[in-house]
Amino acid sequence: MRMGEGVEWGLHCCVTLGWLDDQAPVSIRRLAAWFDLPQEYLKKRLQPLARAGILTSSPGVRGGWSLARPPERITVIEVVTAVEGPLEAFRCTEIRKRGVSGRDAGPEFDRPCGISSLMRQAELAWRRELAGRTIADLMERAPAGAARTRRNYGRMID
């Protein structure tokens, strides 16, 4: 399974916004500068999170981004799904039923194939794991040096 960079960007931004809750809303300019990301591209990456009710944005000079809910109520799978969409990671096209393999197929093809079943079980386990983790968990498990976000973010010059 391969996820796009938007998942990483979204999760890091959610964690950062959780740490900076007392400074919210955080401008897109400052958030992009913090991670050295293109401002407009980051904004496009955060918009699906706002549509999913994970982030809120406010317009204007004092506007910016903030978490829409407390970090303990935002799961990692919500961020992944908002960015990547709800599609399944594995799509079985039933090639076993094509060509010579599928000729004169009997009832053995009535059930899902073992490959498809295994891939779906693995994806379900992965989704359950991410559903059981929150932004608050990521904040808590961050390395000790990550506390620099709170310390240094306020020193940034717009």
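The values are calculated or read from the model by the stated rules, or taken from the named source; none is laboratory data. Every value quoted in this text rests on a predicted model; they were computed, and no experiment measured them. Every residue, glycine among them, receives a Cβ derived from its backbone with ideal geometry; neighbour counts consider all protein chains shown. Please note that ligands, DNA and RNA were not included when accessible areas were found on the heavy atoms of the full protein model with its side chains. Shrake-Rupley method; radii C 1.70, N 1.55, O 1.52, S 1.80 Å.
Which condition number in (1) under 23 Å from L118 (Cα atoms); (2) open to solvent by 40 Å² or more (accessible area, probe 1.4 Å); (3) without any contact (Cβ under 8 Å) to a residue 40 or more places away in the chain; (4) in contact with a helix residue (DSSP H, G or I) (Cβ under 7 Å, 6 or more places away or on another chain) is the one that G102 fails?
(2)
With respect to the numbered conditions (1) over 14 Å from the mean Cα position of the chain (by Cα); (2) on the phi < 0 side of the Ramachandran plot, which one is the sole condition not fulfilled by G99?
Failing condition for G99: (2).
Can you confirm whether the range 119-127 contains a residue that is modelled with pLDDT under 85 and of a type in the set (A, V, I, L, M)?
Just the residues of the range 119-127 that are modelled with pLDDT under 85, to begin with: none.
Scanning the range 119-127, I find no residue that is modelled with pLDDT under 85 and of a type in the set (A, V, I, L, M), so the answer is no.
Can you name every residue in the range 1-42 that is in a helix (DSSP H, G or I), over 18 Å from E72 (Cα atoms), open to solvent by less than 40 Å² (accessible area, probe 1.4 Å) and in contact with a strand residue (DSSP E or B) (Cβ under 9 Å, 6 or more places away or on another chain)?
I28, L31
Would you point out the residue of the range 43-95, among those that are free of Cβ contacts under 8 Å to residues at least 40 places away in the same chain, assigned to a loop (DSSP other than H, G, I, E, B) and touching a strand residue (DSSP E or B) at 6+ places or on another chain (Cβ under 8 Å), that is most open to solvent (accessible area, probe 1.4 Å)?
Ranking the qualifying residues of the range 43-95, first place goes to A68.
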